[in-house]
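The values are calculated or read from the model by the stated rules, or taken from the named source; none is laboratory data. Being a predicted model, the structure only gives us computed values, none of them experimental. All Cβ positions, glycine included, derive from the backbone under ideal geometry; neighbour counts span all protein chains shown. Ligands, DNA and RNA are stripped out before the accessible areas are found, and what is left, the full protein with its side chains, is counted by its heavy atoms. Shrake-Rupley method; radii C 1.70, N 1.55, O 1.52, S 1.80 Å.
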Amino acid sequence: MQAIRVHQFGGPEVLRLEEQPRPTPGPGEVLVKIKAIGVNPVDTYWVAGANPAVSLPFTPGLDAAGVVEAAGEAADAWQPGARVIVAGSLTGTYAEWTVAKASRLHPLPDKTSFAEGASLPIPYGTAHRALFHRAQAKAGETVLIHGASGGVGLAAIQFAKTAGLTIIGTAGTAAGRQLVQDQGAHHVLDHTDPDYLQQIHSLTHGRGVDLILEMLANINLGKDLPLLARGGRVIVIGNRGQVEINARDLMIREADVRGMLLFNVPDDELRAVHREIFSGLEKGTLRPIIGKELPLSEAALAQKSVMQSGARGKIILVP
Ligand code: NAP
């Protein structure tokens with residue numbers, strides 16, 4: 001089969017399309033024929049060598065959607081032909097086939113395309129965890145989705161809308177802001193506009209926002225804290241460096257900064273989240289947005305794009 005291989009850690013230029021033996025599923029594992037691959041920022045971190053558990057050579061990628069080809073011993077609850085979402089893979093998803101633990105597969109509704117399915121695991125799992133588990137979001141609260149035009153941000157808009165929150169979403173380009181608006185954010189701002197923090201202050205009549213889902217804490221955390229209402233919570237989802245804050249901003253508001261990491265969520269909790277995602281897809285309240293589809297051979301371009309500004313939904317690779 002064809003697969004992307006990494007023989008040395010580095011930037012997207014180290015990705016190579018190579019011929020590889022098709023993997024075989026062991027006990028409790030399933031072989032999936034991949035139809036679409038979700039590209040996430042974390043894929044680039046692993047290619048750069050940020051995960052000490054990853055040894056060379058390897059095939060990157062955690063998210064995909066496809067069709068069950070064969071199940072190993074004790075994994076026969078998954079029948080060949082079943083349409084599935086792969087939420088974490090043992091052999092990497094930037095390939096034509098992948099092997100995953102049976103517990104890491106979730107059913108894909110018939111009306112959801114493979115590209116939409118591959119957009120779900122990390123972005124929707126993260127948005128759900130951040131909003132409902134870490135932030136304890138409640139109807140009537142106001143959430144600032146700081147970076148709403150990408151995979152996680154768009155998923156967060158859709159969940160927050162159904163949960164009855166007032167949504168302020170930001171994006172750095174006109175096309176990104178249009179998408180955020182189309183998805184139903186109540187207010188849309190430009191995080192590159194020098195005035196946008198003041199605009200949030202005005203929009204909330206000086207009260208501040210109850211929640212902030214933060215995609216780039218190293219740039220924004222210090223500026224986030226003065227935006228919070230009393231008892232407000234910032235959930236740190238993305239961070240790429242150090243940041244200075246004034247802790248007094250937390251003290252006077254009795255506010256919290258809370259981290260979240262999807263990899264900490266146990267499999268049984270993730271299965272419950274995927275049941276909710278399945279139901280949201282069936283009802284139409286969740287609708288993954290595909291920004292770009294590229295062939296697997298363009299994996300380097302996909303990884304470069306996912307780290308650049310100008311997000312407009314998910315980047316998908318097609319093997
Ligand atoms: P993505 O699809 O590439 O989107 C990135 C988002 O960040 C875009 O909306 C982008 O907006 C926005 N952004 C860029 N500059 C910004 C700024 N100065 N202030 C606010 N937002 C800014 O990535 P994603 O999949 O949504 O992931 C977002 C972040 O969360 C990444 O850092 C990722 O590593 C992290 N993440 C963490 C977890 C976890 O478990 N903690 C899970 C998934 C993702 P424009 O392009 O419009 O400027």
Among (1) more than 14 Å from the ligand (Cβ to nearest atom); (2) polar (S, T, N, Q); (3) touching a Gly at 6+ places or on another chain (Cβ under 9 Å); (4) more than 29 Å from Ala229 (Cβ to Cβ), Ser113 falls short only on (3)
When (1) open to solvent by 20 Å² or more (accessible area, probe 1.4 Å); (2) not in a strand (DSSP E or B) are applied to Leu131, the one that fails is (1)
Of all strands (runs of 3 or more DSSP E) fully inside the range 1-95, the set with 3 or more residues that are surrounded by 15 or more Cβ atoms within 10 Å (Cβ to Cβ) is 2-6, 29-39, 63-71, 83-87
message = Condition check: over 23 Å from Ser119 (Cα atoms) and open to solvent by 50 Å² or more (accessible area, probe 1.4 Å). Does Arg177 satisfy that?
response = no
Contact list, first residue from the range 100-124 and closer than 20 Å to Ala75 by Cα, second anywhere and part of a helix (DSSP H, G or I), beta-carbon distance below 6 Å, six or more apart or interchain, is Ser103/Asp267; His106/His274; Leu108/Gly117
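Give the residue that is least open to solvent (accessible area, probe 1.4 Å), with candidates limited to residues of the range 229-243 that are away from the ligand (no atom under 16 Å from the Cβ) and without any contact (Cβ under 8 Å) to a residue 60 or more places away in the chain.
Among those that are away from the ligand (no atom under 16 Å from the Cβ) and without any contact (Cβ under 8 Å) to a residue 60 or more places away in the chain, it is Gly232.
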Note: among Gly26, Gly72, just one is at pLDDT below 95 and more than 24 Å from Gly313 (Cα to Cα), namely Gly72
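What about Ala156, is it open to solvent by less than 20 Å² (accessible area, probe 1.4 Å), of a type in the set (Gly, Ala, Ser), under 22 Å from Arg233 (Cα atoms) and in contact with a Lys or Arg (Cβ under 7 Å, 6 or more places away or on another chain)?
no
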Scanning the range 154-166 for residues that are touching a residue at least 60 places away in the same chain (Cβ under 8 Å) and either within 16 Å of the ligand (Cβ to nearest atom) or within 20 Å of Leu189 (Cα to Cα) (or both) gives Leu154, Ala155, Gln158, Phe159, Lys161
Tell me yes or no: at least one residue of the range 268-279 is hydrophobic (A, V, I, L, M, F, W, C) and under 19 Å from Gly61 (Cα atoms). yes
Condition set open to solvent by less than 30 Å² (accessible area, probe 1.4 Å) and over 13 Å from the mean Cα position of the chain (by Cα), scope the range 134-153, selection farthest from the ligand (Cβ to nearest atom): answer is Glu141
Every listed condition ((1) away from the ligand (no atom under 11 Å from the Cβ); (2) open to solvent by 10 Å² or more (accessible area, probe 1.4 Å); (3) under 27 Å from Ser309 (Cα atoms)) holds for Ile122 save (1)
query: Looking at Gly284, is it within 16 Å of the ligand (Cβ to nearest atom) and more than 15 Å from Pro12 (Cβ to Cβ)?
result: no
When restricted to Asp224, Asp193, the only residue modelled with pLDDT of 95 or more, within 16 Å of the ligand (Cβ to nearest atom), surrounded by fewer than 16 Cβ atoms within 10 Å (Cβ to Cβ) and under 27 Å from the mean Cα position of the chain (by Cα) is Asp193
